[in-house]
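Before any comments, here is the structure.
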Amino acid sequence: MRPSHFYEPTTGHGLPHDPFNAIVGPRPIGWVSTQSPDGRLNLAPYSFFNAFNYTPPLIGFSSIGHKDSVANIEATGEFCWNLVTAELGEQMNQTSAAVSAEIDEFELAGLTPEDSRVVGVPHVGQAQVVFECRRTQTLRLTDADGQPTPARMVFGEVVGIHIEERLLEDGVYQTAAADPLLRGGGPADYFRIRQEDRLRMRRPQV
């Protein structure tokens, strides 16, 4: 058996940095734009984000605590996901600052709020890919004993998709061409996808 570091999360990992997030990585970033009922804009990145279904297309993110994004989505039923690329990394990082609900993170990060086509929530005008979404569920996550955690999982159906045309080659989306930024590693680590690192594996035919 290979030497390994074992720990039970309830008693602590005993390491300089919690490895859980780093192991589940790299992870796409849930850069979520929302709007309050009175028109205040909010833009925040979430480390726990992914896609969960093809038809209808469903995405979701987990918020550790009932933050402004969750409150706005519960009130309006709408949000947008904005693709974080390397060129927008610094702006994304600025929107992670813990500021009051009155602060417009679009303005804080020097980003342009652009009107969406289907939902009323603006999206990041500089983003190369955008999902316009309508909320389907908000779940309060529990532990194995059924006790509630601070985390809220928000799911949304993607009802509109914007893709920069240069990212489509013969109608096929080119993931690496967008240069997406992914979360992983230590407390400040991010990763990029390179075309030369692509592997292709076809599903077995049975």
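No value in this document is a laboratory result; all are computed from the given coordinates. Predicted, not measured: the structure shown is a model, and the values here were computed from it. For neighbour counting, all protein chains shown are included, and Cβ atoms are generated from backbone atoms with ideal geometry for every residue, glycine included.
Given in Å, the Rg to one decimal and the Dmax to the nearest whole number for the Cα atoms of segment 1-89 are 17.0, 59. A simple count of charges around Gly77, restricted to other residues whose Cβ falls under 9 Å of its Cβ and scoring Lys, Arg +1 and Asp, Glu -1, yields 0. The order of Leu168, Leu83, Leu111, going from fewest to most other C-beta atoms within 10 Å of their C-beta, is Leu168, Leu83, Leu111.
Look at Thr95, Thr142, Thr76, Thr10 and count the other Cβ atoms within 10 Å of each Cβ; fewest to most, that gives Thr10, Thr142, Thr76, Thr95. For the chain, the average shadow cast by the Cα convex hull is 15.7 nm², which is a quarter of the hull's surface.
Loop only by DSSP, 12 or fewer other Cβ within 10 Å of the Cβ. Give me the trypsin sites (Lys or Arg not before Pro) in segment 63-162 that pass, ordered by residue number. Here the trypsin sites (Lys or Arg not before Pro) that fit, given the DSSP loop and packing criteria, are Arg117. Compactness ratio for segment 40-160: Cα radius of gyration over 2.2 N^0.38 Å (N = residue count) comes to 1.05. Using the alpha-carbon positions of segment 148-206, Rg (one decimal) and Dmax (whole number) come out as 16.7, 47 Å. Quick note on segment 40-80: its Rg to Rh ratio, both from C-alpha atoms and Rh being the Kirkwood radius, is 0.98. The H on the amide N of Gly125, modeled in the peptide plane, is under 5 Å from the matching H of Thr112, Glu114, each at least 5 residues off or on a different chain.
Restriction of the GluC sites (Glu not before Pro) in segment 55-114 to DSSP coil positions whose beta-carbon has at most 13 other beta-carbons within 10 angstrom yields Glu102. Mean residue ellipticity, 222 nm, helices only, the chain: the sum of -39500 (n - 2.57) across DSSP H runs of n ≥ 4, divided by residue count and rounded to 500, is -2500 deg cm²/dmol. Normalised by 2.2 N^0.38 Å, where N counts its residues, the alpha-carbon radius of gyration of segment 123-171 equals 1.73.
The tail of the calculated P(r) for segment 91-206, taken as Cα-Cα distances beyond 16 Å, holds 77 percent of the pairs. Checking every one of the chymotrypsin sites (Phe, Trp or Tyr not before Pro) in segment 1-33 against DSSP loop status and a limit of 16 other Cβ atoms within 10 Å picks out Phe6, Tyr7.
Taking the Cα centre of the chain as the origin and placing charges on Cβ (Lys, Arg +1; Asp, Glu -1), which of Gly120, Ala144, Gly89 is farthest toward the positive end of the dipole? Result: Ala144, furthest along the dipole toward the positive end.
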